[in-house]
Amino acid sequence: MFADLSDRQWLWGAGAFYVAGLLLGTAALLRGGRPSGVLIYCAILAGYALQFIGLGVRGHATGGCPLGNRFEIFQFTAWSAVTLYLVVGVAFRSSVLGYFSSCLGALLTIVSLSIPGWDAIRRTHIFGGNPWIELHAALAIFSYGVFGLLALASGLFLLRHFSLKSKRLGGWFSFLPSIIDLDHIEVRLLGTGVALLTLALAFGSVYWSRDTATVGHAKLAATVAVWAAAAAAFVLRVTGRLLARRFAWTCLALFAAALLSLEAVDTSRHPEAVQASVRLAP
Amino acid sequence: MSEAHLFVIGVSHNQAPVEIRERLAPASHEALRADLAAVAGLREFAVLSTCNRIEFYGVGADGGAADSVQAAYCARQNFGPAEFERIRYRLSGRDAALHLFEVASGLDSQMLGENEILGQVKEAYAAAHSGGSTGAVLNRVFQKAFQAAKHVRTHTAISSGQVSVASVAVDLATSIFGRLDGARVLVLGTGEIGEATARAFRSRGAGDLAVAGRRRERAEEVASGLGAGVLHFDERDSRLSDYDVVVCSTSAPGTVLAASAISAAMRARPARPLLLIDLALPRDVDGAAARLQNVFLYNLDDLARIAEQNRSAREADVARCRAILSERADALWRSVQGRLSGAEFAGGETPRQGAGQAAAP
């Protein structure tokens, strides 16, 4: 029965589980209680599994990592962020981080599913059979997922900082992790994101140096700018020159910049790949 | 077959001031238990004795067992039965079970929702159980009380937040530093409130405490009691960057920690937050420090306000707690009534007198 499901149906299922995590957490918070970490984790895990299958089905159809249009990039970014959460969340034991991760997963997944135009052109074999380019793209988008989780941790940091400075500690502010824990996780996530993006650019640059015409200027500039900003933020944080609230705002801006750069990535496809694309009926 | 009788007799802070409660505190719990074990018709019993209450939970063959428990206790304490009669409460059946639920949940505590009482009820039950004075009825009633107490503490605000200034200060520190075992705490001043706050930090795992006072001898005395180190008062500015939490409670007439000194300390530790708890009047810490990055400044009014908010949140949930506990007491009572029958006791679960015939209640 499940073998007949399309990739989008699997991904709708994933979105439903992320929304379930979001609803569970929201209901608990509205009741004035702490969201159940175990329940939300299970909902996210189920969504993650379905998303993994959906992306697998799509990847099989497109002949490579499914990063051929904006829909696939958003799905892969959500999947990357959730992957990191499933690893980090266990160590961090924060039900609130789980709640916000389910929000991010639901947002990226449902929004991209709800806009048919993002998935109207389904490109196949976009990496031209070159596994290094595929690895470059997968690592780059995975790092954007890491920046997504970093943005969540930064948002939680800002909320905790606000609650402490404004001396409002009751209600659901009391469920937030400590400011030191959030700061540590921000630094680790940013370091991970920078490392992944550096690797991605390193792989990409080898290919690009052979034929600089293969990559559009807009994509090149946007990607390098995001990498440079992330690396600079990391260096400034580690050397103690970008701290606390400013660091958190920078991390949020970094994720916004990463999302915006996807536009440049999406619109500067390799001409051969575009020719190989399949236009789907709306 | 006749039906036995679940009851509670007790006196608490609600009826008796501390002078009376002192007279009611048993000198020897073992001797008291021995007295109760000799009460005719008393099949099961447990004694809950804390600084705020003395309570006897029992299962008697009839209502007379409760009278006998009361008489035995008054005789043991040399307390006038008539006076005891005036201040005691006595509940039976489902109401007795509900009372235990409320006590274990902290609803009947002097400090609403406090957690310590649950541990005390568990200890009382453990003592009774190990002494062989509990049976099928009290075992079930106490186990259900623990479950009910855990449920309301988890699902309502009855135990949320802290309601004392010292505990609020420690909670604040955990909101910033998470675990306190790595946090370094400096206590400036040797007043009572500063010492109490330092004790609260110690009890919650703060491993590195130092005390600084204008009178060195007094600082050493306080530090000794806390198992803390001593810092020379004049070194407070130069050593400030070594500490994560500073509790100020001096009686100095002016500022003890200037914003400039705090700013200088933060330059030496820019990535590490600093929590300043100013419990002094007049205040010890320059208010301008609150604007510094990574510095969190709370004074006595701030802490008192948070404690009051927590207390209000607890009080607002009392009705919901009572409704939950009442429902659970009803369910328990329906299931326990069978065990109160003589047939149940004849089954051999009764720890003391075995199968005694009981009169109808």
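The values are calculated or read from the model by the stated rules, or taken from the named source; none is laboratory data. In this text the structure is predicted, and so the values were computed from the model without any measurement. Positions of Cβ are generated from backbone atoms using ideal geometry, with glycine treated the same way; all protein chains shown enter the neighbour counts. Quick note on the areas: whole protein, heavy atoms, side chains included, nothing else; ligands and nucleic acids left out. Shrake-Rupley method; radii C 1.70, N 1.55, O 1.52, S 1.80 Å.
Helix A:70-92 and the long axis of chain A differ in direction by around 40°, with both axes built from C-alpha atoms.
How far, in degrees from 0 to 90, does helix B:94-104 lean away from the longest principal axis of the Cα atoms of chain B, to the nearest 10? That helix lies at roughly 20 degrees to the long axis. Once the Cα atoms are used to define both axes, helix A:217-238 deviates from the longest principal axis of chain A by about 30 degrees. Peptide A:161-168 has a mean of 4 when you count, residue by residue, the C-beta atoms of other protein chains within 10 Å of its C-beta. With all protein chains kept in place, the per residue accessible area of the protein assembly as shown amounts to 43 square angstrom at a probe of 1.4 angstrom. Peptide A:230-242 is shielded by partner chain Cβ atoms: per residue, an average of 1 of them sit within 10 Å of its Cβ. The mean number of partner chain beta-carbon atoms within 10 angstrom of a residue's beta-carbon across peptide B:55-65 is 0. Taking a straight Cα-Cα cut-off under 16 Å and skipping sequence neighbours fewer than 8 places away in the same chain, the lysines within cross-link reach of B:Lys144 are B:Lys122. Dipole orientation for chain A: of the candidates A:Val235, A:Ser80, A:Ala221, A:Val235 has the Cα lying most toward the positive pole (charges on Cβ; Lys, Arg +1; Asp, Glu -1). With the charge dipole of chain B set up from +1 on Lys and Arg Cβ and -1 on Asp and Glu Cβ about the Cα centre, the Cα lying farthest toward the positive end among the listed residues B:Cys321, B:Leu112, B:Gly10 is that of B:Cys321.
For chain A, the square roots a ≥ b ≥ c of the C-alpha gyration tensor eigenvalues yield an a/c of 1.5 or more together with a/b not exceeding b/c, which makes the shape oblate.
Which value results for Rg/Rh of chain B when Rg is the Cα radius of gyration and Rh the Kirkwood radius based on the inverse mean 1/r? Working shown, then result.
On the way: Rg = 26.0 Å, Rh = 23.2 Å.
Radius of gyration relative to Kirkwood radius: 1.12.
Annotation: aspartates and glutamates with alpha-carbon distance below 14 angstrom to B:Lys150 (same-chain offsets under eight excluded): B:Glu102, B:Glu114, B:Glu116.
Rounded to two decimals, what ratio of Rg to Rh does the protein assembly as shown give with C-alpha atoms and a Kirkwood Rh? The partial results should precede the final answer.
Details: Rg = 32.5 Å, Rh = 29.3 Å.
Answer for the protein assembly as shown: 1.11.
Taken across both chains, chains B and A shield about 1600 Å² of accessible surface from a 1.4 Å probe.
Normalised by the number of residues in chain B, the mean separation of alpha-carbon contacts (under 8 Å, six or more apart) gives a relative contact order of 21 percent. Burial annotation for the stretch B:158-176: residues with an accessible-area loss of at least 10 Å² between the isolated chain and the complete set of protein chains, computed on heavy atoms with a 1.4 Å probe, are B:Leu172, B:Ser175, B:Ile176. Under 5 Å from the amide H of B:Asp208 lie the amide H atoms of B:Val185, each residue being 5 or more positions distant or on a separate chain, with H modelled from the backbone and absent for Pro and chain starts.
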